[in-house]
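Down below is the structure, laid out as structure tokens.
The values are calculated or read from the model by the stated rules, or taken from the named source; none is laboratory data. Since the model is a prediction, treat every value here as computed from it, not as a measurement. Please note: Cβ atoms are built from the backbone with ideal geometry, for glycine as well, and neighbour counts cover all protein chains shown. SASA here: full protein model, heavy atoms, side chains in, ligands and nucleic acids out. Shrake-Rupley method; radii C 1.70, N 1.55, O 1.52, S 1.80 Å.
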Amino acid sequence: MNQNPATPKDASAVILLNEDLTEVVWAKRNPNLKFLGGFHGFPGGKLDADDALVDVRNAEDEESAKLIACAAREVFEEVGILLVHNGEKLTKGQRASLHDDLISGRFLFSEILETWGLWIDAEDFTYTGFWTTPEFSPMRFKTRFYINICPWKQTPYAAIDELQNIEFILPKKAVELWENSKVLIAPPVLISLRELTEDEEYLSTDEHRFTQIIQDKSKDQKSNIKDHRIKNIAQNLLEKSRKCDGNINYIEMNSRLICFPMRTETLPPATHTNCFIVGKQEFVIIDAASKEKSEQQKLFELIDEFIEKGFSCKEIIISHLHPDHFGGETVLQKHLFEKFGVKVPISAHKLTAESLVGKVEIEKFIEDNEIYNLKDETGETFKLKALHTPGHARGHLCFYDEEFGFLLSSDNVVGLGSVLIAPPEGNMNDYLNSLERMKNLPN
């Protein structure tokens, strides 16, 4: 049976902008971290008990004060930026010393601020909403996001080893890196970056138009323009968060690939099976496996959006025969036909089809090295190759995007637990050979 989902822990993160609001601080999370290792994101982390003792002024209530203190502490811990009042009197060396006091555990954040006469103004942190880690994750957080501006003369750096490659970046450039599968970005961060790129009056890859707009203004006028800009961004992000109550059902891995975890009767410690939608204008769906109506409905909503945009579903694919990888494809096929009059074939490897006779009608067999020509949202064609990788199951298939360097390994490689090799379907020699084949794929 499925385990109950983990309870989300309170956390905070900061969208830290530069002085002219054109760039944002981001970093790559250490690949060895259990939560979102290797993903790019903003500085942030979970709430600590000491956060309730920090001097935070002008907060709406004690809860928001704690979360803002958490945001300030995490930014200081991770990238060495001190978002406090009276901090301008500290030298670079003094900030480094205080950071060492905090990381070493000699002093708590509240004690450091009190000793040095520092305090946090809640009005410096503009709230943009919260996002909750989906139920499939064994580690879950309810993270509140805030916008703040990096103080003058402070430069972010890798203060601890949790974050790498820390830099200010144009949001548009960050999104382009994600689109081309150069980086991984968690959904809340991607939503924020997209919002930051939308107003071309203020952000441009060619010129800093915002700087041009404010360069001849007085100090007070500049401050008012910045405040207006930040409030506008924050309000748009807040509306996006409220619209879905901070919940996101899927992860866009890049501009071609969506991972849609679905609750299934899988083996513990896992609770969900990854369904993948590959492509946009022309796409395939892999492992629409959930038998739960509520889970199916969530997937239907996304696929319906695609069809209503004029996108075309070419096939519904079953990667292999295990019961946590099939079960919802026939319902999805029926839904698309009844709602849109679209007949989408269900496909699998021939060996999988033989094992599912009487359970699923497989209308097309997938061969080893078969190529799918799909289209992204712009209409550009790309190739997805099917690979027959037996071992976990005789008809097991993986799917490979060589250009983007993405391999959908299905159950050959798992994020939790270990891979089950159970005869007669499972064969260890075949499995090791399949792993070797995957390991040696280019890019």
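Only Cα pairs under 8 Å and at least 6 apart count here; give the relative contact order of the range 84-157 as a rounded whole percent.
Details: 53 pairs, mean separation 19.4, N = 74.
Normalised by residue count, the contact order of the range 84-157 is 26 percent.
Amide H to amide H, with H built 1.01 Å from N, L184 comes under 5 Å of H40, counting only residues 5 or more places away or on other chains.
With a Förster radius of 25 Å applied to the beta-carbon distance between A96 and E176, the computed FRET efficiency rounds to 0.15.
Using 13 Å as the cut-off for backbone N distance, which residues of the range 80-100 belong to the label zone defined by a point 7 Å from the Cα of D55 along Cα→Cβ? 84-87, by backbone N distance to the label point.
Rolling a 1.4 Å probe over the protein heavy atoms of the chain, with every protein chain left in place, gives an accessible area that is 49 percent carbon and sulfur.
In percent, what relative contact order does the chain have, based on Cα pairs under 8 Å that are 6 or more apart in sequence? Write down the numbers at each step before the final one.
Details: 885 pairs, mean separation 55.6, N = 443.
Rounded, it is 13 percent for the chain.
Counting only lysines at least 8 places from K280 when in the same chain, those with an alpha carbon closer than 17 Å to its own are K309, K314, K375, K383, K385.
Using only the heavy atoms of the protein chains and a 1.4 Å probe, how would H85, H320, H272 rank by accessible area, largest first?
H85, H272, H320
For the chain, adding -39500 (n - 2.57) for each run of n ≥ 4 DSSP H residues and dividing by the number of residues yields -9500 deg cm²/dmol at 222 nm. D by Stokes-Einstein for the range 277-390, Kirkwood Rh over Cα pairs, 37 °C, 0.692 mPa s: 228 µm²/s. Pairs of alpha carbons in the range 76-126 separated by more than 11 Å make up 69% of all such pairs.
Whole-Hz Karplus values for the range 293-298 come out as 4, 5, 5, 4, 5, 4 Hz, taken residue by residue from phi with 6.51 cos²θ - 1.76 cosθ + 1.60 and θ = phi - 60°; glycine and proline positions read x. Relative to the dominant Cα principal axis of the chain, helix 187-198 is inclined by about 60°. Based on Cα contacts under 8 Å between residues 6+ apart, the range 1-76 shows a relative contact order of 32 percent.
For the chain, the longest principal axis of the Cα atoms and the long axis of helix 428-439 meet at an angle of about 50 degrees.
Each of A96, G117, T128 was scored by the projection of its Cα onto the charge dipole of the range 1-136, and the greatest displacement toward the positive side belongs to A96; charges sit on the C-beta of Lys, Arg, Asp and Glu. A simple packing score, the average count of other Cβ atoms within 10 Å per residue, orders the peptides 107-113, 139-145, 431-437, 394-400 as 394-400, 139-145, 107-113, 431-437, with the highest score first. Put the Cα centre of the range 110-156 next to the Cα centre of the range 336-355 and the gap is 47 Å. For F382, the residues whose modelled amide H falls within less than 5 Å of its own, excluding neighbours fewer than 5 places apart on the same chain, are L374, K375, D376. Between amide H atoms placed 1.01 Å from N, distances below 5 Å from S312 occur with E282, F283, all of them 5 or more places distant or on a separate chain.
Extension gain, D161 to V413, is 88.1 nm, computed as 0.36 nm per intervening residue step minus the present C-alpha separation.
In order along the range 388-394, the phi-based Karplus estimate (6.51 cos²θ - 1.76 cosθ + 1.60, θ = phi - 60°) of 3J(HN,Hα) comes to 7, 10, x, x, 6, 8, 4 Hz; Gly and Pro are listed as x. Ellipsoid fit via the Cα gyration tensor, the chain: semi-axes of 45, 24, 20 Å, each the root of five times an eigenvalue, largest first. For the chain, take the longest principal axis of its alpha carbons; what is the angle in degrees between that and the long axis of helix 219-243, to the nearest 10 within 0 to 90? Its long axis makes an angle of about 30 degrees. For the range 35-78, the set of GluC sites (Glu not before Pro) satisfying both a DSSP loop assignment and a count of at most 14 other C-beta atoms within 10 Å is given as E60.
Using the empirical formula 2.2 N^0.38 Å as the baseline, the Cα radius of gyration of the range 69-156 reaches a ratio of 1.21. Phi angles across the range 151-159 convert, under the Karplus curve 6.51 cos²θ - 1.76 cosθ + 1.60 with θ = phi - 60°, into 3J(HN,Hα) values of x, 4, 6, 9, 10, x, 8, 6, 6 Hz, Gly and Pro given as x.
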